[in-house]
1. Which members of the stretch 59-73 meet the condition of being among the small types (Gly, Ala, Ser) and closer than 16 Å to residue 91 by Cα?
2. Answer yes or no as to whether residue 39 is among the charged types (D, E, K, R), modelled with pLDDT of 95 or more and out of contact with any helix residue (DSSP H, G or I) (no Cβ under 6 Å at 6 or more places or on another chain).
3. Could you check, for the stretch 172-180, whether at least one of its residues is in the same structural domain as residue 64 (by TED's automatic domain parsing), more than 15 Å from residue 56 (Cα to Cα) and free of Cβ contacts under 8 Å to residues at least 12 places away in the same chain?
4. Would the stretch 7-26 turn up any residue that is among the hydroxyl-bearing types (Ser, Thr, Tyr), in contact (Cβ under 8 Å) with a residue 40 or more places away in the chain and in a loop (DSSP other than H, G, I, E, B)?
5. Given (1) in a loop (DSSP other than H, G, I, E, B); (2) touching a Gly at 6+ places or on another chain (Cβ under 6 Å); (3) not acidic (Asp, Glu), identify the lone condition not met by residue 107.
6. Name, by its number, the condition in (1) under 22 Å from residue 182 (Cβ atoms); (2) without any contact (Cβ under 8 Å) to a residue 12 or more places away in the chain that does not hold for residue 44.
7. Output the number of the condition that residue 53 fails; it satisfies all remaining conditions of (1) hydroxyl-bearing (Ser, Thr, Tyr); (2) under 21 Å from residue 172 (Cβ atoms); (3) crowded, with 19+ Cβ neighbours inside 10 Å.
Amino acid sequence: MGYVAQYIQEATEIINLLDQSAIERIADLLLELREKSGRLFLLGVGGGAGHASHAVCDFRKIAQIEAYAPSDNVSELTARVNDDGWDTCYANWLRGSRLDKDDMVFVLSVGGGDAKKNISANLVRALDYARAMRAVICGVVGRDGGYTAQVAEVCVLVPVVNSSTITPHTESFQAMIWHLLVTHPKLRAAEMKWESVQYSRPDLAGRLSPASDFLSFSPVNGHAMSASPDVPSIFFPAPIPQHQILPSRPLT
(Lines give C-alpha, C1' and ligand atoms only; values in the text may rest on other atoms or scores of the structure.)
Protein backbone atom coordinates (compact mmCIF):
# COMPACT_ATOMS: atom_id res chain seq x y z
CA MET A 1 0.00 0.00 0.00
CA GLY A 2 1.33 3.44 -0.95
CA TYR A 3 1.72 6.25 1.54
CA VAL A 4 -1.27 8.22 0.27
CA ALA A 5 -3.60 5.23 0.50
CA GLN A 6 -2.26 4.34 3.94
CA TYR A 7 -2.65 7.88 5.27
CA ILE A 8 -6.23 8.11 4.05
CA GLN A 9 -7.04 4.67 5.44
CA GLU A 10 -5.65 5.67 8.82
CA ALA A 11 -7.63 8.91 8.73
CA THR A 12 -10.77 6.86 8.13
CA GLU A 13 -9.92 4.71 11.14
CA ILE A 14 -9.49 7.79 13.30
CA ILE A 15 -12.86 9.21 12.23
CA ASN A 16 -14.56 5.97 13.26
CA LEU A 17 -12.77 5.95 16.63
CA LEU A 18 -13.46 9.55 17.66
CA ASP A 19 -15.53 10.00 20.79
CA GLN A 20 -18.61 11.70 19.35
CA SER A 21 -20.21 12.15 22.75
CA ALA A 22 -17.21 14.16 23.94
CA ILE A 23 -17.46 16.45 20.91
CA GLU A 24 -21.18 16.90 21.55
CA ARG A 25 -20.46 17.73 25.18
CA ILE A 26 -17.99 20.43 24.14
CA ALA A 27 -20.67 21.88 21.85
CA ASP A 28 -23.01 22.05 24.85
CA LEU A 29 -20.37 23.77 26.98
CA LEU A 30 -19.67 26.29 24.22
CA LEU A 31 -23.37 27.03 23.96
CA GLU A 32 -23.51 27.63 27.71
CA LEU A 33 -20.44 29.85 27.39
CA ARG A 34 -22.08 32.02 24.74
CA GLU A 35 -25.36 32.25 26.62
CA LYS A 36 -23.62 33.64 29.71
CA SER A 37 -21.43 35.97 27.59
CA GLY A 38 -18.26 34.15 28.60
CA ARG A 39 -15.04 34.34 26.63
CA LEU A 40 -13.17 31.58 24.84
CA PHE A 41 -9.37 31.45 25.11
CA LEU A 42 -7.66 29.11 22.64
CA LEU A 43 -4.16 27.95 23.51
CA GLY A 44 -1.67 26.12 21.35
CA VAL A 45 2.05 25.96 20.57
CA GLY A 46 3.60 25.60 17.12
CA GLY A 47 0.95 24.18 14.81
CA GLY A 48 -1.50 24.48 17.68
CA ALA A 49 -0.88 28.24 17.80
CA GLY A 50 -1.73 28.47 14.12
CA HIS A 51 -4.87 26.43 14.75
CA ALA A 52 -5.78 28.69 17.68
CA SER A 53 -5.59 31.79 15.48
CA HIS A 54 -7.76 30.23 12.77
CA ALA A 55 -10.22 28.89 15.33
CA VAL A 56 -10.53 32.31 16.97
CA CYS A 57 -11.65 33.70 13.62
CA ASP A 58 -14.25 30.97 13.15
CA PHE A 59 -15.65 31.04 16.68
CA ARG A 60 -16.01 34.82 16.53
CA LYS A 61 -17.37 35.08 12.99
CA ILE A 62 -19.50 31.94 12.65
CA ALA A 63 -20.46 31.03 16.23
CA GLN A 64 -20.39 34.63 17.51
CA ILE A 65 -18.43 33.66 20.61
CA GLU A 66 -15.96 36.21 21.96
CA ALA A 67 -12.66 34.41 21.41
CA TYR A 68 -8.94 35.17 21.76
CA ALA A 69 -5.55 33.49 21.40
CA PRO A 70 -2.39 34.73 23.18
CA SER A 71 -0.25 33.81 20.20
CA ASP A 72 -2.06 36.34 17.98
CA ASN A 73 -0.30 39.30 19.63
CA VAL A 74 3.36 38.71 18.79
CA SER A 75 4.54 41.85 20.59
CA GLU A 76 2.90 40.94 23.88
CA LEU A 77 3.79 37.26 23.65
CA THR A 78 7.48 37.85 22.96
CA ALA A 79 7.63 40.53 25.65
CA ARG A 80 6.22 38.09 28.20
CA VAL A 81 8.61 35.35 27.08
CA ASN A 82 11.56 37.72 27.27
CA ASP A 83 10.64 39.36 30.58
CA ASP A 84 8.87 36.59 32.49
CA GLY A 85 9.88 33.33 30.81
CA TRP A 86 8.34 30.82 28.43
CA ASP A 87 6.62 28.68 31.04
CA THR A 88 4.51 31.56 32.41
CA CYS A 89 3.80 33.49 29.20
CA TYR A 90 0.30 32.06 28.64
CA ALA A 91 -0.68 32.02 32.31
CA ASN A 92 0.31 35.66 32.72
CA TRP A 93 -1.55 36.54 29.53
CA LEU A 94 -4.68 34.89 30.94
CA ARG A 95 -4.15 36.77 34.18
CA GLY A 96 -3.92 40.04 32.26
CA SER A 97 -7.12 39.10 30.42
CA ARG A 98 -8.97 38.75 33.76
CA LEU A 99 -9.83 35.09 33.17
CA ASP A 100 -12.67 34.01 35.44
CA LYS A 101 -15.17 31.22 36.07
CA ASP A 102 -17.45 32.36 33.23
CA ASP A 103 -14.71 31.77 30.64
CA MET A 104 -13.35 28.70 28.84
CA VAL A 105 -9.78 27.69 28.06
CA PHE A 106 -9.56 25.43 25.01
CA VAL A 107 -6.29 23.65 24.29
CA LEU A 108 -5.16 22.48 20.83
CA SER A 109 -2.04 20.40 21.38
CA VAL A 110 -0.52 17.16 20.15
CA GLY A 111 0.71 16.04 23.56
CA GLY A 112 -1.40 18.16 25.89
CA GLY A 113 1.58 19.32 27.95
CA ASP A 114 3.75 17.40 30.39
CA ALA A 115 5.13 19.05 33.51
CA LYS A 116 7.50 16.21 34.42
CA LYS A 117 9.11 16.12 30.98
CA ASN A 118 8.97 19.93 30.65
CA ILE A 119 7.05 19.73 27.37
CA SER A 120 4.74 22.64 26.55
CA ALA A 121 5.30 23.97 30.05
CA ASN A 122 3.44 27.16 29.16
CA LEU A 123 0.29 25.12 28.55
CA VAL A 124 0.69 23.34 31.88
CA ARG A 125 1.05 26.60 33.80
CA ALA A 126 -1.86 28.15 31.91
CA LEU A 127 -4.06 25.17 32.77
CA ASP A 128 -3.09 25.43 36.43
CA TYR A 129 -4.11 29.08 36.39
CA ALA A 130 -7.39 28.24 34.63
CA ARG A 131 -8.15 25.67 37.32
CA ALA A 132 -7.41 28.20 40.04
CA MET A 133 -9.84 30.63 38.39
CA ARG A 134 -12.40 27.83 38.00
CA ALA A 135 -12.66 28.41 34.26
CA VAL A 136 -14.02 25.59 32.11
CA ILE A 137 -11.25 23.61 30.40
CA CYS A 138 -11.64 21.69 27.14
CA GLY A 139 -9.21 20.38 24.59
CA VAL A 140 -8.52 18.37 21.46
CA VAL A 141 -5.24 16.54 21.85
CA GLY A 142 -3.33 13.48 20.69
CA ARG A 143 -1.41 10.64 22.31
CA ASP A 144 -2.73 10.10 25.85
CA GLY A 145 -3.84 13.71 26.19
CA GLY A 146 -1.09 14.70 28.63
CA TYR A 147 -1.87 17.26 31.30
CA THR A 148 -4.80 18.65 29.33
CA ALA A 149 -6.67 15.35 29.52
CA GLN A 150 -5.96 15.13 33.26
CA VAL A 151 -7.54 18.48 34.13
CA ALA A 152 -10.08 19.16 31.39
CA GLU A 153 -13.80 18.89 31.93
CA VAL A 154 -14.01 17.44 28.41
CA CYS A 155 -11.08 16.39 26.26
CA VAL A 156 -11.30 14.80 22.82
CA LEU A 157 -8.44 12.40 22.18
CA VAL A 158 -7.36 11.90 18.58
CA PRO A 159 -6.64 8.14 18.51
CA VAL A 160 -3.14 6.97 17.64
CA VAL A 161 -3.29 4.53 14.73
CA ASN A 162 0.29 4.98 13.55
CA SER A 163 3.06 6.10 15.91
CA SER A 164 4.99 7.69 13.04
CA THR A 165 2.20 10.14 12.10
CA ILE A 166 0.80 11.21 15.48
CA THR A 167 1.40 14.92 14.88
CA PRO A 168 -0.09 15.27 11.37
CA HIS A 169 -3.08 13.14 12.30
CA THR A 170 -3.74 15.05 15.51
CA GLU A 171 -3.42 18.47 13.92
CA SER A 172 -5.55 17.43 10.95
CA PHE A 173 -8.40 16.31 13.17
CA GLN A 174 -8.14 19.32 15.47
CA ALA A 175 -9.08 21.44 12.46
CA MET A 176 -11.90 19.08 11.53
CA ILE A 177 -13.33 19.12 15.05
CA TRP A 178 -13.31 22.89 15.57
CA HIS A 179 -14.91 23.32 12.14
CA LEU A 180 -17.53 20.78 13.21
CA LEU A 181 -18.13 22.78 16.37
CA VAL A 182 -18.53 26.22 14.78
CA THR A 183 -20.96 24.80 12.20
CA HIS A 184 -22.89 22.71 14.73
CA PRO A 185 -26.59 23.70 14.66
CA LYS A 186 -26.34 24.52 18.36
CA LEU A 187 -23.58 27.05 17.73
CA ARG A 188 -23.70 28.39 14.18
CA ALA A 189 -25.05 31.91 14.39
CA ALA A 190 -23.95 33.39 11.07
CA GLU A 191 -23.98 32.22 7.49
CA MET A 192 -20.66 31.27 5.90
CA LYS A 193 -19.45 32.91 2.71
CA TRP A 194 -19.48 30.06 0.24
CA GLU A 195 -22.58 28.44 1.67
CA SER A 196 -24.45 31.71 1.17
CA VAL A 197 -23.32 32.26 -2.42
CA GLN A 198 -26.12 32.82 -4.95
CA TYR A 199 -25.26 31.05 -8.18
CA SER A 200 -26.32 32.52 -11.48
CA ARG A 201 -27.30 28.98 -12.54
CA PRO A 202 -29.96 27.53 -10.24
CA ASP A 203 -28.92 23.99 -11.10
CA LEU A 204 -25.57 24.71 -9.42
CA ALA A 205 -27.12 25.26 -6.00
CA GLY A 206 -26.16 21.77 -4.92
CA ARG A 207 -23.53 20.74 -7.46
CA LEU A 208 -21.67 21.85 -10.55
CA SER A 209 -23.22 20.72 -13.82
CA PRO A 210 -22.30 21.59 -17.41
CA ALA A 211 -25.89 21.01 -18.57
CA SER A 212 -26.77 24.65 -19.38
CA ASP A 213 -25.54 28.21 -19.35
CA PHE A 214 -27.19 31.39 -18.06
CA LEU A 215 -26.84 35.12 -18.31
CA SER A 216 -27.27 37.13 -15.14
CA PHE A 217 -27.37 40.83 -14.37
CA SER A 218 -24.66 42.24 -12.14
CA PRO A 219 -26.12 43.76 -8.95
CA VAL A 220 -23.35 46.38 -9.22
CA ASN A 221 -23.86 47.84 -12.70
CA GLY A 222 -26.82 45.97 -14.19
CA HIS A 223 -24.79 44.60 -17.11
CA ALA A 224 -25.42 41.06 -18.30
CA MET A 225 -22.70 38.57 -17.40
CA SER A 226 -22.12 35.16 -18.92
CA ALA A 227 -21.54 32.37 -16.39
CA SER A 228 -19.04 29.70 -17.35
CA PRO A 229 -20.30 26.09 -17.15
CA ASP A 230 -17.51 25.41 -14.69
CA VAL A 231 -17.24 28.68 -12.78
CA PRO A 232 -20.58 30.12 -11.61
CA SER A 233 -21.06 33.85 -11.29
CA ILE A 234 -21.19 34.84 -7.65
CA PHE A 235 -23.42 37.49 -6.15
CA PHE A 236 -23.08 38.09 -2.41
CA PRO A 237 -24.74 38.89 -0.11
CA ALA A 238 -27.98 39.85 -1.90
CA PRO A 239 -29.70 37.02 -3.81
CA ILE A 240 -30.53 37.57 -7.47
CA PRO A 241 -34.25 37.98 -8.17
CA GLN A 242 -35.53 35.16 -10.36
CA HIS A 243 -36.59 37.56 -13.12
CA GLN A 244 -32.98 38.70 -13.46
CA ILE A 245 -31.71 35.22 -14.30
CA LEU A 246 -32.08 34.67 -18.02
CA PRO A 247 -31.25 31.47 -19.92
CA SER A 248 -28.93 31.90 -22.87
CA ARG A 249 -28.68 29.69 -25.91
CA PRO A 250 -28.22 25.99 -25.02
CA LEU A 251 -24.67 24.71 -25.13
CA THR A 252 -23.84 22.71 -28.25
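1. Pass one, the stretch 59-73, residues among the small types (Gly, Ala, Ser): 63, 67, 69, 71.
Matches in the stretch 59-73: 69, 71.
2. Yes.
3. No - not one qualifying residue is present in the stretch 172-180.
4. For the stretch 7-26, residues among the hydroxyl-bearing types (Ser, Thr, Tyr), in contact (Cβ under 8 Å) with a residue 40 or more places away in the chain and in a loop (DSSP other than H, G, I, E, B): absent.
5. (1)
6. (2)
7. Here residue 53 meets the rest and fails (3).
The rows are residues; the columns are (1) over 24 Å from residue 187 (Cα atoms); (2) hydroxyl-bearing (Ser, Thr, Tyr); (3) in the same structural domain as residue 172 (by TED's automatic domain parsing); (4) touching a strand residue (DSSP E or B) at 6+ places or on another chain (Cβ under 6 Å).
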| site | (1), (2), (3), (4) |
| --- | --- |
| 15 | no, no, yes, no |
| 41 | no, no, yes, yes |
| 47 | yes, no, yes, no |
| 74 | yes, no, yes, no |
| 88 | yes, yes, yes, no |
| 92 | yes, no, yes, no |
| 116 | yes, no, yes, no |
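The values are calculated or read from the model by the stated rules, or taken from the named source; none is laboratory data. Keep in mind the model is a prediction, meaning the values are calculated, not measured. Please note: Cβ atoms are built from the backbone with ideal geometry, for glycine as well, and neighbour counts cover all protein chains shown.
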